[in-house]
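I have placed the structure first, in the form of structure tokens, so that the comments after it can refer back to it.
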Amino acid sequence: MTEIDYKAKLDEAIVQSDVVKIFDNLLTVGVEKWASDIHIEPMENYCRIRLRIDGIMEELVQYPKNLHESIISKFKIESGQMRPDEKRVPQDARVSNVTLTNKEIDLRANTLPTVRWEKLVMRIVDKSKDIPPLEELGIEWNNKNIIFRHLKYPNGIILMTGPTGSGKTTTLYACLEYVNTTQVNIITYEDPVENKMAGLNQAQIRSDIWFTFANGLRWWLRQDPDIIMVGEIRDQETLDMAMESAMTGHLVFSTVHTNSSSETITRVYNLWAKPYMLAGTFNLVMAERLVRKVCDHCKAKVTLKDDPKLSYAKESFRNFDKEQLKKEVMSRNISEQQRNEFINDGMVTIGTGKDPETGAVCPICEGTGYKGRVGLFEMMDFDEEIKNLILDGKSAFEIENHALSKWMINLERDGVFKVIKGVTTLDEVYRYVKAKFDK
Ligand SMILES: [Zn+2]
């Protein structure tokens, strides 16, 4: 059966008010359409189900509001972790190892009481999804040189930053896969374990029984690791342990919940890290965002006229070292023509959403103009110069500006290069890189 058949069955289940069938088909449609989240929402006069696909919400179906309460309570009962009679407070559930059309998924669900009824959101964690090799994530030239150099170091901290859904977990796993050989002992410490990988010793933290990130790190160090991955650094204790592990000869990978690499420096100071500790242990901070790719089938070149995003894009390279810019452009295979068309005419590639032959809705992207996603990357390499600036007590802002004038490709610059190559659009880049663009 295809996703369209399951959608038809879902519609049928709604007509029949068959709640069990609604759930089965809804989850299958979600998994088949590669949705990351399913939202079940009460509206004023009806209810609706939306899916988040490639980062964007999309309405799947509407159903009559008299079905809503039985749908929510069915899920609460099935999860075994929510109280069906409690409708006043938010509740959480984690359902592991659900098998749907040969895929094994975990569900992380939560309910929220709204002014109408409860809203249910389910995050789909697809555990059977293969981790793509690091080379295929869209990390280009200088960023690529930086990351591969750091993956060869035996000790230090490599941090990945970005909001939920930014692709950071996949990139982190791809890094672990790259360093994963029989000669090293790799231990991970996660909440939850999102992907089971061969050759890794993966553990699930249990903060309810004091098996926290910090406690876990303490124990794992006795397990003779070479490489450690700590799911997230959220407190001073975990940061201290991570730094201590790096100082004692371990390569440590982790994530922080910040928006950029420079914000990460500020965060680390807020967790009471000393400059000499930061300079002594940090190797690399990466940031990532996933942007939608222009649909290959219906792409066309257009000229942007007064779009302010165009001037922001050009502005982003103003203080960049000219030689470095030249190398970056050449190594990314951006042609003279592509470069001139963008700079002189504001010419970019977009998906029209229409089939170029027939003019009907594009069958590949269903009219959205986008198909699939690619990462935008930012690497802050803690080289000697950066370490000296840290030791001199320079602010995160000054450190970032220094790096940006020399060699650093931040999210915005990486995005603009990908726009010039026709991979994504300025709308996508500035949807995620908002620092300089106020709508
Ligand atoms: Zn298309």
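Where a number appears in this text, it was derived from the coordinates with a stated rule and is not lab data. All values reported here derive from a predicted model rather than from experimental measurement. Heads up, the Cβs are rebuilt from the backbone with ideal geometry, glycines too, and the neighbour counts pull from every protein chain shown.
Figures for the structure shown
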quantity: For segment 3-126, size of Cβ-based charge dipole, Lys and Arg +1, Asp and Glu -1, in debye; calculated: 380
quantity: Neighbour net charge for LEU134 - beta-carbon separation under 11 angstrom, K R +1, D E -1; calculated: -2
quantity: Cα gyration tensor, the chain - rounded (a/c under 1.5), prolate or oblate; calculated: oblate
quantity: Test item: Cα-centred dipole of the chain, Lys/Arg +1 and Asp/Glu -1 on Cβ, debye; calculated: 420
quantity: Phi to ³J(HN,Hα) by Karplus 6.51 cos²θ - 1.76 cosθ + 1.60 over segment 317-332, Hz, x for Gly, Pro; calculated: 9, 3, 9, 7, 3, 4, 4, 4, 4, 4, 4, 4, 4, 5, 5, 8
quantity: Low-density loop cleavage sites - trypsin sites (Lys or Arg not before Pro) in segment 281-374, where at most 15 other Cβ are within 10 Å (DSSP); calculated: LYS305, ARG318
quantity: Net +/- balance of residues flanking ILE124 in space, Cβ distance below 9 Å, scoring K and R +1, D and E -1; calculated: -1
quantity: Distance between segment 131-166 and segment 220-287 - C-alpha centres, whole angstrom; calculated: 15
quantity: Partners for LYS196 among aspartates and glutamates (Cα-Cα distance below 17 Å; same-chain residues under 8 apart left out); calculated: GLU104, ASP106, ASP126, ASP130, GLU177
quantity: Rounded, prolate or oblate (a/c below 1.5 giving rounded, otherwise prolate when a/b exceeds b/c) for segment 26-161 by Cα gyration tensor; calculated: prolate
quantity: Cα centroid separation, segment 10-53 to segment 395-429 (Å); calculated: 38
quantity: Whole-Hz couplings from phi, Karplus 6.51/-1.76/1.60, listed for segment 61-68; x for Gly and Pro; calculated: 7, 10, 9, x, 5, 5, 8, 4
quantity: Highest to lowest packing among 80-90, 227-237, scored as the average C-beta count within 10 Å; calculated: 227-237, 80-90
quantity: Cross-link table LYS103/LYS371; LYS119/LYS418; LYS7/LYS119; LYS168/LYS309; LYS144/LYS305, entries beyond 29 Å C-alpha to C-alpha; calculated: LYS119/LYS418; LYS144/LYS305
quantity: Within segment 337-439, chymotrypsin sites (Phe, Trp or Tyr not before Pro) in DSSP loop having at most 15 other beta-carbon neighbours inside 10 Å; calculated: PHE437
quantity: Reachable aspartates and glutamates from LYS74, criterion Cα separation under 17 angstrom, eight or more residues apart if same chain; calculated: ASP18, ASP24, GLU41, ASP85, GLU86, ASP92, GLU118
